[in-house]
Amino acid sequence: MIEAMPDLGPAVTTVIRKCLAVKANEDVLVIADPASRRLGEALKQGATEAGADATLAIMDERATDGTEPTRPIAAAMSECDVFIAPTTRSLSHTRARTRATDGGARGATLPGITEDMLARTMTVDFETMAARSQALAELLGQADTAHVSCPLGTDLQLELSGRTGIADDGNLSNAGSFGNLPAGEGFISPRSGEGTIIASSLASLGLTSEPAQLVVKDGQVVAAEGGLGPRYYERLDAHGDLGRNLAELGVGTNEAARLTGNVLEDEKILGTVHVAFGASAGIGGMVSVPIHLDVVVLDASLQIGDTQVLDAGRFVLAG
């Protein structure tokens, strides 16, 4: 039995007209796979209604987040004005995505998005969310260090010097703009890091009944135990040292996001911290590898430089 689709109209309108500002006669490419075909069709229809010349491309599901799309789709991404990718696996940290946006295409990836998630998280107060995300990006880019902790034992020190903070605020209207939807984070690719992470949600495995403990040394995850930790580590380690690279520190800013086990949403929850390993070249780092997997820390406290940003899961950054 086919489940009824929630009312996606307002959320699709937000993606097409507010976030990407699709204009009449632009070439829009929507990339989906078999599991996300209905969402792809809804987004293609939204682009058509905005006056664009829209194409829906269906490819086989990729092996992991960060695996390159097929060669024809990679080529099409570089030829379009706008691309939208509600695929099961993430295309965010692929060479194809980087080439497309470096060439002026603007785009959004929505890896693992569900119809319920899109309908709920894309009707948030964008102005408030954007202000939080931009303030975080500015602070991250100015600071040399950050410290993450949580009641379960997270204790992670990060070096940020010389890296640029990025705001995932949903504004993808300028040429070359790129973001992850649903929007709602400020993030950076750290230079290095050391310590312990206790994670509750792990891409692409979901919620772990027993918290996973990850050990980070010299900018790499070197061990993981508890719950889904060993399986998560195996997925990264399959790509060697580069797969275990400390790639991202991010802070959620979307108050409509809730804990579901889908890291695309979990990492956007207001008051959470997420850390990713693997590819970082697309977000200011130096590592290009076909994997990028996040973990989410709940009830986090975060200090960026001398500024307290989170206090036990409460967003306390002024302004």
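Some values worked out for this structure:
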read-out: Residue in segment 155-165 that is basic (Lys, Arg), farther than 26 Å from Val15 by Cα, at pLDDT 95 or above and touching a strand residue (DSSP E or B) at 6+ places or on another chain (Cβ under 6 Å) present; value: yes
read-out: Counted residues, segment 193-219 - those being farther than 25 Å from Glu255 by Cα and open to solvent by 30 Å² or more (accessible area, probe 1.4 Å); value: 7
read-out: Long-range neighbours under 6 Å by Cβ, at least six apart or interchain, first residue under 12 Å from Ala85 (Cα atoms) within segment 40-63, second at pLDDT 95 or above and loosely packed, with under 15 Cβ neighbours inside 10 Å; value: Met59/Thr70
read-out: Subset of segment 225-235 that is open to solvent by 10 Å² or more (accessible area, probe 1.4 Å) and under 22 Å from the mean Cα position of the chain (by Cα) - its residue that is nearest to Pro111 (Cα to Cα); value: Arg235
read-out: Search result, residues across segment 297-319 that are open to solvent by less than 10 Å² (accessible area, probe 1.4 Å) and touching a residue at least 60 places away in the same chain (Cβ under 8 Å); value: Val297, Ala300, Leu302, Ile304, Val309
read-out: Qualifying residue in segment 64-71 (condition: free of Cβ contacts under 8 Å to residues at least 24 places away in the same chain and closer than 17 Å to Thr98 by Cα); value: yes
read-out: Subset of segment 236-247 [open to solvent by less than 10 Å² (accessible area, probe 1.4 Å) and outside any helix (DSSP H, G or I)]; value: Leu246, Ala247
read-out: Candidates Val263, Val287 - the one that is touching a helix residue (DSSP H, G or I) at 6+ places or on another chain (Cβ under 6 Å) and open to solvent by 10 Å² or more (accessible area, probe 1.4 Å); value: Val287
read-out: Criterion: over 20 Å from Leu136 (Cα atoms), in a loop (DSSP other than H, G, I, E, B) and not aromatic (Phe, Trp, Tyr) - qualifying residue of Gly271, Gly261; value: Gly261
read-out: Boolean, Asp294 is closer than 17 Å to Ser200 by Cβ and open to solvent by 10 Å² or more (accessible area, probe 1.4 Å); value: yes
read-out: Residues of segment 169-190 classified as open to solvent by 10 Å² or more (accessible area, probe 1.4 Å) and touching a Ser or Thr at 6+ places or on another chain (Cβ under 6 Å), total; value: 4
read-out: Some residue of segment 109-118 being surrounded by fewer than 18 Cβ atoms within 10 Å (Cβ to Cβ), outside any loop (DSSP other than H, G, I, E, B) and modelled with pLDDT under 95; value: yes
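The values are calculated or read from the model by the stated rules, or taken from the named source; none is laboratory data. Since the model is a prediction, treat every value here as computed from it, not as a measurement. Please note: Cβ atoms are built from the backbone with ideal geometry, for glycine as well, and neighbour counts cover all protein chains shown. Just the protein is used for accessible areas: all its heavy atoms, side chains included, with ligands, DNA and RNA removed. Shrake-Rupley method; radii C 1.70, N 1.55, O 1.52, S 1.80 Å.
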